[in-house]
Amino acid sequence: MQTSSSFILLPFTTLTTTPSLRSNKVRIHSSTSTSTSTSTTTTSSDSEQQQAISHNKFSYSRASPSIRWPHLKLTENPTSSNTKDIIFTSPSLEQDPSVENETSPSSLDDLLDKNDETLEALGRVSKTRVKKMTKLALKRAKDWRERVQLVADKILKLQPEEFVADVLDGRPVQMTPTDFCFLVKWVGQSSWQRALELYEWLNLRQWYSPNARMLATILSVLGKANQEKLAVELFTRAEPGVGDTVQVYNAMMGVYSRNGRFAKVQELLELMKSRGCEPDLVSFNTLINARAKSGTLLPGVAIKLLNEVRKSGLRPDIITYNTLISACSRGSDLKEAVKIYNDLEASSCQPDLWTYNAMLSVYGRCGKATEAERLFKELGSKGFLPDAVTYNSLLYAFAREGNVGRVKEIGEEMVQAGFGRDEMTYNTMIHMYGKQGQHDLAFHLYKDMKSAGRNPDAITYTVLIDSLGKAGKITEAADVMSGMLDAGIKPTLRTFSALICGYAKAGMRVEAEETFSCMVRSGIKPDHLAYSVMLDILLRSNETKKSMTLYREMLRRGFKPDQGLYEHILLVLAKENNEDVFENVRKDMKDVCGISLQSLTSILIRKGCHEFAAKMLRLHVSHDFELERESLFAIMNSYSLIGKRMEALALLDDLREKVPKSHDLIAEASIVLLCKDHEVDAAMEQYNNSKIFGLSKGSCSMYESLIKCCEVTEHFAEASQVYTDMKFCGMEPSESLYRSLVFIYCKIGFPETAHHLVDQAESLNFLQNDFTIYVDIIETYGKLKLCQRAESLVGKLRLKYSTVDRKVWNALIHAYAASGRYEQARAVFNTMIRDGPSPTVDSVNGLMQALIVDERLDELYVVIQELQDIDFKISKSTILLMLEAYARAGNIFEVKKIYHGMKAAGYLPTMHLYRCMIGLLSRAKRIRDVESMVAEMEETGLKPDLSVFNSLLRMYTAIEDFKKTREVYQQIVESGFKPNEDTYNTLILMYCRDLRPVEGLSLLQDMKKQGLDPKVDTYKSLISACGKQKLWEQAEDLFEGLKSKGVKLDRSMYHIMLKIYRNSGDLSKAEYLLVSMKEAGVEPTIATMHLLMVSYSSAGQPREAENVLRNLKTLGVDLSTLPYSSVIDAYLKNGDHKLGKEKLLEMKRDGLEPDHRIWTCFIRAASLTSSTSEAMSLLSSLRDTGFDLPIRLLAERSESLVVEMDRLLMELGPLVDNAAFNFVNAIEDMLWAFELRATASWVFQLAIKRKVYRHDVFRVADKDWGADFRKLSPGAALVALTLWLDHMQDASLQGSPESPKSIVLITGTAEYNMVSLDKTLKAYLWEMGSPFLPCKTRSGLLVAKGHSLRMWLKDSPFCFDLELKDGPSLPDLNSMQLSEGYFMRIGLIPVFKDIHERLGHVRPKKFARLALLTDEKRDKAIQADLEGRKEKLAKMKTTSALAKPGKKTKFGRIAVIGLVFGELWKREAEKTSRCQREIVFCQLRVELIPANQYTNCRRLEETLQQLKVKTEFWHIERGIGQKNESRQKAKKSMGLLSSHVYGNNSLVGKSNEGT
């Protein structure tokens, strides 16, 4: 026999793309044909027995893939079975489960078998004719099968133009009514048309009496052929006479069941009952089958159907259970299927192979491949042999998981079991490869399928087209479609749908439309998917008219778009402003999807149709409809999501005017909108206004929005107030709001309130088992050092819960760590180890943090070792925690050890680690380490960030390497970083230390423009730098600006201003500042009054200083020696030694003993006296008060002086105000002035020993010769210089240590007691003719070339004896004198003035030669030098005038350049101040170089380039910190210079021309 069925795939999850289907290749046709099958004739009784057995054993139809492979969601084609192009022939004939449901053994077949009439021949059979038999003989005859088969074959062999009557009218054999039933059934299996014709022929015969069996048979035939209308017509005609024949009703229900007409089956069942016909088990099985085919079963429906069978008094059989399990398989309802299966076992109904196959299918569809395999093995253990369906179901389970290996194994097992791979096997595997994107394997399998003799069906081709479309292989998909058509297989609805979906995905609208039209022309009706896809592509192509036409057709066909497609339609209409059509579609959408106006409006706004949505809302409100809360809030929320706050506020204003009764709602919406945009200030203002005007209390959503907005913006106090108002209004927070409130109260430091809120929430069944809330509370207790409450809370949790979360324990450890309570934290840690949960890295870090907070860093390694002993692996975060702790402590050794250990362990340094390391090394001024660390970081691929650059800026600024500082800043700019406050503050500090406050002020203005606030310390540095550079007005403006801002200034700021007013000589402002200081709440101290008195002293008004002292006495202030020292120093500096001594005695009378301050004043004054007697007189005053060490240093040569000085320095060391430092400086000045140089040397070395002076005040190391004499007094600096020169001389003679290329001597620019150290050292070195010269780029530096210095130290007569010696006796006069800031040898002063006044600044060697000459010879030498200069200048002018263009001259251009520079400098000097000159010319130093030293133009050009470098022209070009006006003036001056020298020609272009 042959059974015809057609297969179509249900919609795929993902759309595919396929190429255009050529209309000339669409060959969809049908032709009426008959399919003949021959049955095997059995005449023995064994065949009857075999047939009876076949009814009792389980059989499973291989011709019904819709049940065998439910994962493919196959349905039967409603077209006629005689369509040749879409016939599917089953390889074998077995019983269809669906047929079993409709005509079970207890129905039609049993009826026919039970009424079987065998034919028995009566008498001899004639050879010429068939004898007519009696009815009894006819019934007893056993050849009924041969007779039925004979007639059936004749009928089926009829040509289309022939009729059944042509066979039956001839009465070929005698037949009973039962035989005719079998005949109709057998004919109907091949041709339902001939079966119907046979049925009609019988009904037209008078001798035939219609019966229920025949009606049931023909209904069954029509049902199998999907001829529902004909079956309904026959049943309707015959139904009044059916009576209580249950088989007829069952057959008709089977017809409806095949098409899933569950409602019709139910209706027929009720009709059956109303006619008094009791349904049997077949009736209910058919009902269950109809419900299964009508759609996916909802959870619980299968059990409900099973219970209905039992309620009817029937016992479910295996078919009932199998049908229900298959229905669950279609819906992938594993839970329901297991319940049915358990019920089957509980009811003692034995499962059969169909049962196991159905359960395998359920497990496979639900992704339970392991369970499916377990059931497969169980099936074998129960004695069942797997069939092809079993193997295919198991194969699908693993194919769904993508387990290619297991799928291949099952396929091989299937072949070994004797089942070849059939179409479903291949289809499943092809689909699996397609989903995995292995399209080559899918094609290969497709070819194997054809070579194996398995004909690909519609499913095969559709799967291939779908997978190729997903992969974007459109050409290959077209080939598959063409192959499908060439093979004569008609594309199904799903094939066309896949093709249309493919075009939709590719955006090929025209091709999609052609394919859709072709599908309709071929007789296939589009389904919901096809309509939806076409609508979507038309809408995307803006084909509104076509889409609306298709939409109306879709509605007429009974299909309705889903909500997403409706939204798309409405959005297109909204963008086109098509209001009429929009309203009609919206109504349809409301009926279908139940969407409200507010939801639709929200969708429109979210999709960008804001104006249309607002228009709809305004229109809705204008018709006096009440404004809905949900609608308004949905619109506001949508506006907020897309950032359209202004449009939303405009809409609210409009609504406020049109709907005044909804003012409260609009105000609430406005607050919520502002909260969503995090405009907390505006939201709180609106909220407060609402309370003022007495509006309604608002909703929970408004309060929740306000509180959460305050939480995000960290306005915790406001959040607390809103919560209070909320509670006052009687509203309860939601669970999420409780969570936010707990966080807020923890943040503002009220963990008790947070704990109370948690208790309230738990009483409402909120925050159950949420340990994170408790973690916040415990951590807050820890931060507030309330460890006992944290411990108590954890104790309550331990009583409440059997297991406390690990986060809670860690929070308790960190709470103890915040207070440095390591022992308690360790106890918690041990409890975790003992009772669980086990500690984590966070637990270990808490222990380490406890030790760090308690400053027990030396125990960190001990704890680490203990943890390692108990098999704890130390994490990278723990090591970083240790490193940061040592970094904060400044322990570079430990930090570097940990760092190198991390690298050795394989931990790659992170950016955070580099920041930490570089920050530490920068603070320690480890320049080389920092630079190597930065280089290493760049080698690893990490670029320095702004934090690293700022660390470098601070380091270079601290060591006053301002060139490097500028380079780092340039790197910041080139890297694209925007300087932050730290950057600007450091740069301003650099300019202040470099005494360039003008550039600092410019940066300060830039900083303010960018909205950055400078630190108060930055202002302090700028004010101090302005004071040092005598920019009094700028310093005062900065100070007043700080006061006007309301900045609370500390005492040090007032002291700086007092010093500035002191140096500027404006004592009235100093006095007013003192009054302002008191008004600001800063009480002046003794130090403040000391500064005021020093100001009077500097102004030469010691009397005023004394008045201040008297006022202090009058006020009863507890005085120290500080104010007395100020007055005494003022008198001594003014030369009133007598008054100074009197004040000393007055201090004694007031009960104050002289201390280091008084000693220093008298010793310093003694060093500046002109004669030894005056110095001895001053020192005698100290001796009279009990301090005789200074006078003994001058008068004695005792070794005990060393011991006494050492002891004194030890006593003075711990004192404040640099007591020892100032004292030693004064002693050194005095000893040097009175030629006690050896004594000064051992005092200097003693000061270094006692750390009064730095140990590296000078150094002579390998390639590192240098000195830093800043803050030293002139005498101390001269001692240090002589010792340094002596050390360098030894190194030069011995050749070790090796000198660098350049030696730097740092003198600084500050003055110490009206003495300039820079000037003093210059005078000393110039007198010796040293090679030290002033630095060209920085003031306060003297630089010498290494080679020149070594030669000078070896050869100069000034360096023959650098040993410091004491004079044989004290000189009568002071050997040193203070003049214009120079502390120089008294005999050198007139010579120094003469040389500099007449020749200007000259080089040291020339100065030394001139200084050694007698006055008469010196005068002649200077005069000759001046005359030589005049002659050279006149000769140069004459040569320049006579020179021809283009002719090279002996004299270069450099003299002219020097002359022009000199003139420019002179002009600017007359117009500008010192500071402005530095800005315009950048510390321009011009030297008039003799022109006869240069012989050619190339040398002249090189010299000019050197001169440009010397003038620091690059600094003008960069313009760092300079004002535009000054920079333009500098460039103009340079341009003027070029025009003087070269005319309008450039330097490079005219490099070969002469002068």
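How large are Rg and Dmax for the stretch 159-220 when only the alpha carbon atoms are used, in Å?
In Å, with Rg to one decimal and Dmax whole: 11.0, 31.
Toward the positive end of the charge dipole of the stretch 947-1079, about the Cα centre and with charges on Cβ (Lys, Arg +1; Asp, Glu -1), which of Met1077, Ile959, Leu1042 goes farthest?
Met1077
For the stretch 823-969, compute Rh as the Kirkwood radius over C-alpha pairs and then the Stokes-Einstein diffusion coefficient at 37 °C and 0.692 mPa s; write the answer in µm²/s, rounded to an integer.
Numbers: Rh = 16.8 Å.
It comes out at roughly 195 µm²/s.
Which net charge results for the neighbourhood of Cys1161, defined as the other residues with beta-carbon distances under 12 angstrom from its beta-carbon, given Lys and Arg at +1 and Asp and Glu at -1?
+3
Using 10 Å bins from zero, what percent of all Cα-Cα pairs in the stretch 1266-1331 falls into each bin?
Result, from short to long distances: 20, 51, 24, 5, 0 percent.
Convex hull over the alpha-carbon atoms of the stretch 774-896: what's its volume per residue in Å³?
Considering the Cα atoms of the stretch 774-896, their hull volume per residue is 95 Å³.
I need the shape label for the stretch 1345-1388. Rule: rounded when a/c is under 1.5, else prolate if a/b > b/c, else oblate, with a, b, c from the alpha carbon gyration tensor. Walk me through the intermediate numbers first.
On the way: a/c = 3.80, a/b = 1.61, b/c = 2.36.
It is oblate, given that a/c is not under 1.5 and a/b is not larger than b/c.
Provide Rg over Rh for the stretch 306-409; use the alpha carbon set for both Rg and the Kirkwood Rh (inverse mean inverse pair distance). Mind showing how you got there, number by number?
Details: Rg = 14.1 Å, Rh = 14.0 Å.
We get a ratio of 1.01 for the stretch 306-409.
Apply the a/c threshold of 1.5 to the C-alpha gyration tensor of the stretch 1055-1126 and tell me whether it is rounded, prolate or oblate. Present the calculation step by step, with values, prior to reporting the outcome.
Numbers: a/c = 1.78, a/b = 1.10, b/c = 1.63.
Since a/c reaches 1.5 but b/c is at least a/b, the shape of the stretch 1055-1126 is classed as oblate.
What figure, in Å² to the nearest 10, do you get for the accessible area of Leu529 with a 1.4 Å probe and non-protein molecules left out?
Estimated to the nearest 10 Å², Leu529 gives 40 Å².
Consider just the alpha-carbon atoms of the stretch 252-331 and return their Rg together with their Dmax, both in angstrom.
Considering the stretch 252-331 through its Cα atoms, Rg and Dmax are 11.7, 35 Å.
Placing unit charges on C-beta atoms (Lys and Arg positive, Asp and Glu negative, everything else neutral), compute the dipole magnitude of the stretch 725-771 about its Cα centre in debye, rounded to 20. Please list the in-between numbers first.
On the way: 3 positive and 7 negative charges, 33 e Å.
Approximately 160 debye in magnitude.
Where q = 0.11, 0.15, 0.26, 0.28 Å⁻¹, what log10 of I(q)/I(0) comes from the Debye formula for the stretch 864-940, counting one point per Cα?
-0.29, -0.52, -1.33, -1.48
Which entries in Lys708/Lys785; Lys1141/Lys1393; Lys1322/Lys1430; Lys377/Lys447 show an alpha-carbon gap greater than 30 Å? Please list the in-between numbers first.
Values: Lys708/Lys785 28 Å; Lys1141/Lys1393 35 Å; Lys1322/Lys1430 28 Å; Lys377/Lys447 32 Å.
Exceeds cut-off: Lys1141/Lys1393; Lys377/Lys447.
Any idea what diffusion coefficient the stretch 916-1067 gets from Stokes-Einstein, in µm²/s, Kirkwood Rh on alpha carbon pairs, 10 °C, 1.306 mPa s? List each step's numbers first, then the result.
Working: Rh = 16.5 Å.
It diffuses with D of about 96 µm²/s by this estimate.
Equivalent ellipsoid semi-axes for the stretch 233-384, as square roots of 5 times the alpha carbon gyration tensor eigenvalues: give them largest first, rounded to whole Å.
On the way: eigenvalues 204, 48, 32 Å².
After scaling each eigenvalue by five and taking roots: 32, 15, 13 Å.
Taking the Cβ of Leu847 as the centre, find all other residues whose Cβ is under 14 Å away and add up their charges (Lys, Arg: +1; Asp, Glu: -1). Before the final figure, lay out each step's value.
Values: positive: Arg821, Arg826, Arg856; negative: Glu823, Asp842, Asp854, Glu859, Glu866.
Neighbourhood net charge equals -2.
Below 8 Å, C-alpha to C-alpha, sequence gap of six or more: please give me the relative contact order for the stretch 257-349 in percent. If you can, show how the numbers build up before the last one.
Working: 94 pairs, mean separation 26.5, N = 93.
Dividing the mean separation by the residue count of the stretch 257-349 yields 28 percent.
Measure of size requested: the Rg and Dmax of the stretch 364-443, with Cα atoms as the atom set and Å as the unit; please supply both.
Computed over the Cα atoms of the stretch 364-443, radius of gyration and Dmax are 12.4, 41 Å.
First measure r as the distance between the Cβ atoms of Ser1177 and Asn1218, then evaluate 1/(1 + (r/R0)^6) with R0 = 41 Å and state the FRET efficiency to the nearest 0.05.
Numbers: r = 27 Å, r/R0 = 0.66.
Computed FRET efficiency for Ser1177 and Asn1218 comes out at 0.90.
Between Lys876 and Gln1005, what is the label-point separation in nm under the 7 Å Cα-to-beta-carbon projection?
Once both label points are built, they end up 4.8 nm from each other.
In vacuo Debye scattering of the stretch 784-826, one point per C-alpha: log10 I(q)/I(0) at q = 0.14, 0.33 Å⁻¹?
-0.29, -1.18
Counting Lys and Arg as +1 and Asp and Glu as -1, what is the net charge of the other residues whose Cβ lies under 11 Å from the Cβ of Asn1313?
So the surrounding residues net to -1.
Could you give the distance between the Cα centres of the stretch 327-387 and the stretch 792-826, to the whole Å?
Here the two parts' Cα centres lie 52 Å apart.
About the Cα centre of the stretch 1045-1144, what is the dipole size in debye to 20, counting +1 per Lys and Arg Cβ and -1 per Asp and Glu Cβ, all else neutral?
On the way: 14 positive and 11 negative charges, 21 e Å.
Around 100 debye, computed over the stretch 1045-1144.
Hey, what's the Cα Rg ratio for the stretch 1028-1173 versus the globular rule of thumb, 2.2 N^0.38 Å?
Values: Rg = 16.4 Å, N = 146, 2.2 N^0.38 = 14.6 Å.
Taking N as the residue count of the stretch 1028-1173, the ratio is 1.12.
Could you tell me whether the stretch 935-997 comes out rounded, prolate or oblate from its Cα gyration tensor? Rule is a ≥ b ≥ c as square roots of the eigenvalues, rounded for a/c under 1.5, then prolate if a/b exceeds b/c, otherwise oblate.
Details: a/c = 2.43, a/b = 1.76, b/c = 1.38.
It is prolate, given that a/c is not under 1.5 and a/b is the larger ratio.
What ranking, highest mean first, results for peptides 549-558, 393-402 when packing means the other Cβ atoms within 10 Å averaged over each residue?
Numbers: 549-558: 14.1, 393-402: 24.7.
Packing proxy ranking, top to bottom: 393-402, 549-558.
Not counting ligands, DNA or RNA, and with a 1.4 Å probe, what is Ser1044's accessible surface area in Å² rounded to the nearest 10?
100
Would you work out the charge dipole size for the stretch 1140-1282 about its Cα centre, treating the Cβ of every Lys and Arg as +1 and the Cβ of every Asp and Glu as -1, and quote it to the nearest 20 debye?
Numbers: 19 positive and 21 negative charges, 51 e Å.
My answer is approximately 240 debye.
At 20 °C and a viscosity of 1.002 mPa s, what translational diffusion coefficient does Stokes-Einstein give for the stretch 1187-1336, taking Rh as the Kirkwood radius over Cα pairs? Give it in µm²/s as a whole number. Working shown, then result.
Values: Rh = 16.3 Å.
Calculated translational D: 131 µm²/s.
For the stretch 330-466, compute the orientation-averaged projected area of the C-alpha convex hull (one quarter of its surface), in nm².
Values: hull surface 34.0 nm².
Projected over every direction and averaged, the Cα hull of the stretch 330-466 covers 8.5 nm².
The values are calculated or read from the model by the stated rules, or taken from the named source; none is laboratory data. Keep in mind that what you see is a predicted model, and the values were worked out from it rather than measured. When we count neighbours, we look across all protein chains shown, and the Cβ atoms used for this are built from the backbone with ideal geometry, even at glycine. Note: accessible area is taken over every heavy atom of the protein model, side chains too, but ligands, DNA and RNA are not part of it. Shrake-Rupley method; radii C 1.70, N 1.55, O 1.52, S 1.80 Å.
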